[in-house]
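Colleague: Dropping a structure here in structure tokens format, bear with me for questions.
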Amino acid sequence: MAFSWCLCLAVALFSGPGTIHALAPENEVTLHPTTWLSENRVTPVHLPKGRARRLYFTLKKKADLLSVTVSPCAVPIEWNLAVRTLKDKPPKKAHWSSKKSMPEVWWKGSGREVRIYSYTGNAVDTYTGPAYTPASIYILRLKSNEQDTQVSVYLHEGPGPSGAFPELPSDPRVHTLGVGMTSVTLNWAPSSSVVVKDDHRPHHEYCVLVNHKHNYRSLCAAREGIRKEIQSVQKRQRRDKQSKEIVWATLKDWWWRQPDTIKNRESSDKFEDPGCVCRDVESVCTVSDLLPDTQYYFDVFVVDRVNGTSAAYTGTFARTHEEARPAVTTLRENQVKWVTISGDASSLQVDQFRFKPRGWQQNGLLTLHTCNGTSKVRATVSGKGQILTSQEVGHQLAQIWLHGASSYLIQLQALAPGPSLTIPKGDSGKSKFCLKMQASSAYHRRAVPVFPTTLQIKSFNKLRTCNSVTLAWMGTEERSLYCVYRRQIPLNSKHTSTDRCIDPESRPANERVLCKYFQELNPRRAVTTAVIGELEPGLLYVFDVYLMRRWGLPIKYHSKTVRTRNEC
């Protein structure tokens with residue numbers, strides 16, 4: 001008999017809940033497990049998409065007022081509060097076989113249900129109203145139609161504020177005091193919940209958040225937005241990492257990659273609170289380290305560190321100022337431009353110029369020449385948003401061919417001076433030097449013109465007389481104009497060289513001796529001579545030769561000093 005009794009009990013247990021339900025009366029329907037809402041406690045609730053959640057609570061006999069606060073997270077929700085009153089008091093003990101919860105037992109009795117409040121949105125909302133008869137049960141229904149989300153619910157009985165959520169001022173707007181290029185200063189009306197004490201750290205403080213997308217209605221929404229952004233970045237990093245992995249990777253390589261993958265997964269699951277750019281009890285904040293010409297959204301929250309709740313001010317947005325751009329000077333056709341450049345290489349000063357060549361080929365020639373023997377300049381030419389060429393310019397004449405764009409941006413910046421040049425820190429005059437530049441359109445050329453193989457001038461001692469000297473210099477295969485200048489200097493003069501930055505047009509007319517055209521297709525034989533007469537015996541002369549070009553700066557040969565004979 002004992003064996004038969006155990007067998008029957010085993011069959012009853014393993015046959016499932018249907019057997020137990022069969023013992024219950026036919027007019028009783030078992031409901032889902034009931035969630036009771038506790039008083040004076042923040043209750044987190046998870047809302048699946050499209051499914052309603054119900055929370056039940058009753059009030060104490062002496063409670064005459066109640067308030068229910070619902071704080072959504074990132075998405076709008078629907079919630080309503082209803083009360084069900086009973087005509088007859090329910091029995092204290094229900095039948096054991098029905099396994100009824102208390103709200104389910106109340107449903108069996110006679111009564112009616114009244115909806116007393118409803119709300120739809122994503123802001124923190126509170127219902128405050130009188131209590132119904134003591135023999136009443138309250139039903140709070142919550143539903144999210146967009147996605148799974150979290151909400152927080154707080155129940156308070158009796159008059160007066162609950163104190164669980166921080167209070168906002170009458171004007172909960174965030175104001176902008178000042179906007180700079182990399183910083184924004186904010187202020188807001190202080191909250192009555194933030195009380196500063198000398199001895200203890202206050203329970204409430206302000207938290208300021210900044211982002212590029214939009215303002216948030218709650219701190220929970222901000223956490224959720226940051227969490228999604230972190231997850232998207234991590235997914236993108238993992239996707240990029242997987243695309244770079246080699247299919248035939250060895251087991252050793254795979255072993256070393258595993259800890260990184262595990263670490264990424266752990267970091268994606270673990271979520272920390274958003275970093276507050278300002279976390280203080282003062283109602284003013286300066287947000288620094290921002291990008292110029294960028295729009296930012298600012299949110300301020302009052303955080304209760306004890307209860308873990310918060311209240312959101314009405315956020316604001318601001319756009320930082322643009323970065324100061326250097327002025328761009330337009331270069332005219334064949335215009336000789338003198339530029340004063342700072343000789344300090346650590347200076348961030350960059351001189352910018354714009355040149356637009358003429359003609360359908362849109363080619364041009366840029367000629368640059370520094371007027372200081374030890375100073376150098378970096379010339380960078382850009383077109384269509386890309387750097388076309390970059391070249392150092394020193395004491396030698398530099399030519400840069402412009403092609404590939406319809407307009408060119410020319411940037412000049414000083415380089416570090418040579419070891420032979422020492423610039424005093426307090427001498428600002430010596431820390432600057434001049435540069436001469438010219439831009440010309442090249443209508444029918446496809447490359448820069450050729451320089452002479454050497455810029456030296458040779459004088460023939462055997463052909464030197466009392467009143468004449470013979471000079472020779474190298475030319476080019478192009479037909480060009482060469483002009484010779486002379487000037488007399490004292491016999492004991494130490495400075496015999498002519499400044500290379502002086503244009504031939506700026507020299508006195510009586511110093512020009514002659515101008516001649518010359519062309520030789522063979523570069524090795526491109527030598528031309530000139531006899532300079534009408535000189536005085538026994539005097540010292542400085543001769544300069546300029547290669548005059550139709551476009552581009554004139555090329556000056558090295559000065560040559562010659563003394564005429566005393567007796568002939």
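Colleague: Show the residue pairs that are 6+ apart or on different chains and have beta-carbon atoms under 8 Å apart, the first residue being within segment 150-171 and open to solvent by 40 Å² or more (accessible area, probe 1.4 Å), the second being at pLDDT 90 or above and in a loop (DSSP other than H, G, I, E, B).
Modeller: The qualifying pairs are Glu167/Ser191; Leu168/Ser191; Leu168/Tyr313; Ser170/Ala189; Asp171/Ala189.
Colleague: Could you figure out which of (1) surrounded by fewer than 16 Cβ atoms within 10 Å (Cβ to Cβ); (2) acidic (Asp, Glu); (3) in contact with a helix residue (DSSP H, G or I) (Cβ under 9 Å, 6 or more places away or on another chain) isn't true of Glu536?
Modeller: (3)
Colleague: I would also like to ask the following. Report the residue count in segment 59-79 for those that are surrounded by 17 or more Cβ atoms within 10 Å (Cβ to Cβ) and closer than 18 Å to His156 by Cβ.
Modeller: Looking only at that region, the number is 8.
Colleague: A follow-up question, please. Is it the case that segment 284-299 has a residue that's touching a helix residue (DSSP H, G or I) at 6+ places or on another chain (Cβ under 7 Å), modelled with pLDDT under 90 and open to solvent by less than 40 Å² (accessible area, probe 1.4 Å)?
Modeller: No; the residues of segment 284-299 include none that is touching a helix residue (DSSP H, G or I) at 6+ places or on another chain (Cβ under 7 Å), modelled with pLDDT under 90 and open to solvent by less than 40 Å² (accessible area, probe 1.4 Å).
Colleague: Okay, next question. What residue, of Gly359, Gly315, is surrounded by 12 or more Cβ atoms within 10 Å (Cβ to Cβ), more than 25 Å from Cys434 (Cβ to Cβ) and touching a residue at least 24 places away in the same chain (Cβ under 8 Å)?
Modeller: Answer to the selection: Gly315.
Colleague: Say we look at segment 371-407 and pick out the residues that are within 28 Å of the chain's Cα centre (by Cα) and free of Cβ contacts under 8 Å to residues at least 24 places away in the same chain; which of these is most open to solvent (accessible area, probe 1.4 Å)?
Modeller: If we take residues in segment 371-407 being within 28 Å of the chain's Cα centre (by Cα) and free of Cβ contacts under 8 Å to residues at least 24 places away in the same chain, then Lys384 is most open to solvent (accessible area, probe 1.4 Å).
Colleague: Please go through segment 190-219 and give me each residue that is over 26 Å from the mean Cα position of the chain (by Cα) and either at pLDDT below 85 or exposed (fewer than 11 other Cβ atoms within 10 Å of the Cβ) (or both), ordered by number.
Modeller: Result: Val195, Val196, Lys197, Asp198, Asp199, His200, Arg201, Pro202, His203.
Colleague: Separate question: Residues Leu186, Leu155: which one is out of contact with any Lys or Arg (no Cβ under 7 Å at 6 or more places or on another chain), among the hydrophobic types (A, V, I, L, M, F, W, C) and closer than 30 Å to Ala131 by Cα? Step through it out loud before you land on a result.
Modeller: Numbers: Leu186 fails: closer than 30 Å to Ala131 by Cα.
Answer to the check: Leu155.
Colleague: I'd like the residue in segment 163-189 that is closer than 30 Å to Val153 by Cβ and not in a loop (DSSP other than H, G, I, E, B) and, out of all such residues, is nearest to the chain's Cα centre (by Cα).
Modeller: Taking the candidates together, the pick is Val174.
Colleague: Got at least one residue in segment 522-530 being within 23 Å of Asn492 (Cα to Cα) and touching a residue at least 40 places away in the same chain (Cβ under 8 Å)?
Modeller: Looking for residues that are within 23 Å of Asn492 (Cα to Cα) and touching a residue at least 40 places away in the same chain (Cβ under 8 Å), one finds none in segment 522-530, hence no.
Colleague: Another question, then. Can you tell me how many residues within segment 310-343 are among the aliphatic types (A, V, I, L, M), within 16 Å of Leu409 (Cα to Cα) and part of a loop (DSSP other than H, G, I, E, B)? Can you show your working first?
Modeller: Initial filter on segment 310-343 (among the aliphatic types (A, V, I, L, M)): 311-312, 318, 324, 327-328, 331, 336, 339, 341.
Adding the requirement that they be within 16 Å of Leu409 (Cα to Cα) leaves 327-328, 331, 339.
Within this subset, residues satisfying the condition of being part of a loop (DSSP other than H, G, I, E, B) are 327, 331.
Number satisfying all stated conditions: 2.
Colleague: Look at segment 300-309 and say how many of its residues are outside any strand (DSSP E or B) and either surrounded by fewer than 18 Cβ atoms within 10 Å (Cβ to Cβ) or among the hydrophobic types (A, V, I, L, M, F, W, C) (or both).
Modeller: 3
For (1) exposed (fewer than 13 other Cβ atoms within 10 Å of the Cβ); (2) of a type in the set (Lys, Arg), each residue gets a yes or a no:
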residue	(1), (2)
Arg445	no, yes
Cys501	no, no
Arg524	yes, yes
Leu540	no, no
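Colleague: Given the structure, is Thr564 open to solvent by less than 10 Å² (accessible area, probe 1.4 Å), touching a Cys at 6+ places or on another chain (Cβ under 7 Å), farther than 23 Å from Leu368 by Cα and not aliphatic (A, V, I, L, M)?
Modeller: yes
Colleague: Condition check: open to solvent by 40 Å² or more (accessible area, probe 1.4 Å) and in a strand (DSSP E or B). Does Arg487 satisfy that? Let's see the steps before the verdict.
Modeller: Values: open to solvent by 40 Å² or more (accessible area, probe 1.4 Å): yes; in a strand (DSSP E or B): yes.
Answer is yes for this residue.
The values are calculated or read from the model by the stated rules, or taken from the named source; none is laboratory data. This structure is a prediction, so every number in the text was calculated from the model and none was measured. Methodologically, a virtual Cβ is constructed for each residue, glycine included, from the backbone with ideal geometry; neighbour enumeration extends over all protein chains shown. Ligands, DNA and RNA are excluded from the accessible area calculation, which covers all protein heavy atoms including side chains. Shrake-Rupley method; radii C 1.70, N 1.55, O 1.52, S 1.80 Å.
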